[in-house]
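Structure record follows, encoded as structure tokens.
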């Protein structure tokens, strides 16, 4: 499967100025955050995501990428700076309230309940609106047909790629308009990584804005509308995915041979 076959082109043709944070759906400004008082992982990180955008976050190990995503979802305490959703301040808001407000989050690890079936995992995603399960299950199964085929199978017996589908599907059950993905391709074979990226583009094409932290920098930049390079807890570079993938300094400092493959 070639890159052009695997993933549709990014929506670079949009007439909106995606580079401007004004009017963004989700916006984080100058976040200083960490797990312990006085020990900050983020040191002024900023990001914005417009309606319909797919935004990627890449960077070296230890740059604070996953911490950044968790800070958007209220899982890491923000000491300074703000996170806003549709202009409303949601800084340090509880995760359940963020889900009810329209944000979905898929963690990198421990993202399924292995002893529960696929259907029961998806039911867990509907705990705030259980009466809509059938309607939302049909929607999610339309994106991930294999989840319908394996509805009664325990999640712990699924392949890594299928478990990732369950985790993403569960986050979509509450009909979020922005989805936060933490390293969705981690630990998967190259073929399954391709499948995850294709699924991510399909979710985005269905109208869900996405902010994705990803270890596979090259593939992330191929599919995202805009990207951020995080380094030492700050956004060092930001531009369209294509521009970052072809920027000599970004290649030299962060991508290396990945961008040339």
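No value in this document is a laboratory result; all are computed from the given coordinates. Being a predicted model, the structure only gives us computed values, none of them experimental. Note that we place each Cβ from the backbone using ideal geometry, even for glycine, and neighbour counts take in every protein chain shown.
A few remarks follow.
- Beta bridge orientation in region 114-261: antiparallel %, DSSP, nearest 5: 60 percent
- FRET efficiency for the pair residue 135 and residue 35, taken as 1/(1 + (r/R0)^6) with r the Cβ-Cβ distance and R0 = 41 Å, rounds to 0.60.
- For region 61-111 versus region 145-172, the inter-centroid distance based on Cα atoms is 24 Å.
- Scattering profile of the chain at q = 0.07, 0.09, 0.11, 0.13 Å⁻¹ [log10 I(q)/I(0), Debye over alpha-carbon scatterers]: -0.22, -0.38, -0.57, -0.81
- Straightening the chain between residue 96 and residue 205 buys 36.7 nm, computed as 0.36 nm per residue apart minus the Cα-Cα spacing.
- In a fully extended conformation the segment linking residue 115 and residue 191 would gain 24.7 nm over its present Cα-Cα distance, using 0.36 nm per residue.
- Each listed q (0.11 Å⁻¹) maps to a log10 I(q)/I(0) for region 10-120 from the Debye sum over equal C-alpha point scatterers, namely -0.40.
- Estimated 222 nm signal from helices in the chain, with DSSP H stretches of n ≥ 4 weighted -39500 (n - 2.57), rounded to 500: -8500 deg cm²/dmol
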